[in-house]
Amino acid sequence: MRSIHTLFSVGMIALGTLTIAGSALAQEKVRVGANPVSASLPLYYGIEKGIFKAEGLDLEVTTIIGPPANLAALIGNQIDVTSNLTTIDAANGNIKKPGVAKFIAINSQNKTYKMEQFVIRKGLDAKKLSDLKGLKIASAPGPGNVVMAKAVLKAAGLNEGDYTLSQLDLPQHVNAITAGTFDAAYTLEPAATILSKSGAGSTLEAGLIATYVLGNPEANGWAAGTAMSGDFIAANPTAAKKFAIAWDKSIKAVMADVADARKSMAKSIAMTPEVADAVPLVKFVMASDLKPAEIAEFQKFIDFTSDNGILSEKVDVTKMLQKF
């Protein structure tokens, strides 16, 4: 049986909740906040293919737009898992409430695995990031995104007074750039591909975190991932482990048939099949599969934020990872 309801909370945009039907056997309920970006594909595809159900899980999925709202839902015990949370927001949340966000999987993004990028409106004569001086720029919302946007612009030679930066919900990026309300945007997929396909704008540069923070365009920018509440793990370790197993299987299913998985993305997120076919995907990695060098890259990324005063203290990234 399916039920639709709406979840409201401070700072949260919640669009609708879908309860996945249980089987004849008793299933364990898991409340999932679905951040509707391409990096949430394992959730959508895993549901479509019955992977979570096969593990004995009854998912209650609520669309929650943006990292801050997903983190707020974890802190407020309104969800157990979020499909895509930025690691900076998670680190900040864990400083305030230790263990509130534990990553069972994190995503690499760089020049190859594109996610964050600067896009520009059609007709704007900009060839490099420094050409954005004096312009109006939108940023994906939340401290993690805003911090990265400013850091990248600074690395390109632009100080905060050299441009105007405003947070804007991701679903509004394409229309805002198309209308000329903003000249450029620090945006995420699928917004960048939707803008490009519409002809109203184009990507100026992608792989920003790897290039400007880690110093290598092909480095692993571990900027977001799938996070569980520490309270949920402690209260229901069996369901938590089952979810992690299902997520791993969903990642493998996506990679085994990317073309079919893209069809699921088109149905689950507001995009046409043509856009879904073109949207670049991040590299999905389970926390248990991370190599020491990859964890070191993750630590370097989080250290950058604490060294620049974005986080109030140093954070040990190994305490942010949950291995099953």
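Just a few scattered comments:
- If only residues of segment 100-116 that are in contact with a Ser or Thr (Cβ under 8 Å, 6 or more places away or on another chain) and small (Gly, Ala, Ser) are counted, the one that is farthest from ALA72 (Cα to Cα) is ALA105.
- Only one entry in THR178, THR193, THR203, THR112 is in contact (Cβ under 8 Å) with a residue 40 or more places away in the chain and in a loop (DSSP other than H, G, I, E, B), namely THR112.
- Unmet criterion (only one of (1) surrounded by 20 or more Cβ atoms within 10 Å (Cβ to Cβ); (2) in contact with a Pro (Cβ under 9 Å, 6 or more places away or on another chain); (3) closer than 22 Å to ILE64 by Cβ) for ARG262: (3)
- Residue match in segment 294-302 (condition: modelled with pLDDT of 95 or more and either among the polar types (S, T, N, Q) or in the same structural domain as ALA151 (by TED's automatic domain parsing) (or both)): yes
- One residue from MET271, MET265 being of a type outside the set (Asp, Glu) and assigned to a helix (DSSP H, G or I): MET265
- Meets criteria (small (Gly, Ala, Ser), assigned by TED's automatic domain parsing to the domain that holds LEU168 and crowded, with 24+ Cβ neighbours inside 10 Å) for ALA185: yes
- Only one of the numbered conditions (1) out of contact with any Lys or Arg (no Cβ under 7 Å at 6 or more places or on another chain); (2) at pLDDT 95 or above; (3) surrounded by fewer than 19 Cβ atoms within 10 Å (Cβ to Cβ) is violated by ILE137, and that is (3).
- Residue among ALA224, ALA240 that is touching a strand residue (DSSP E or B) at 6+ places or on another chain (Cβ under 7 Å) and either outside the structural domain of GLU28 (by TED's automatic domain parsing) or in a helix (DSSP H, G or I) (or both): ALA240
- Across segment 276-321, the qualifying residues are those that are in contact with a Pro (Cβ under 8 Å, 6 or more places away or on another chain) and β-branched (Val, Ile, Thr), and the one among them that is surrounded by the most Cβ atoms within 10 Å (Cβ to Cβ) is VAL279.
The values are calculated or read from the model by the stated rules, or taken from the named source; none is laboratory data. Note that the structure is a prediction, hence the values are computed from the model and not measured. Ideal geometry is used to build each Cβ from the backbone, glycine not excepted, and the neighbour counts take in all protein chains shown.
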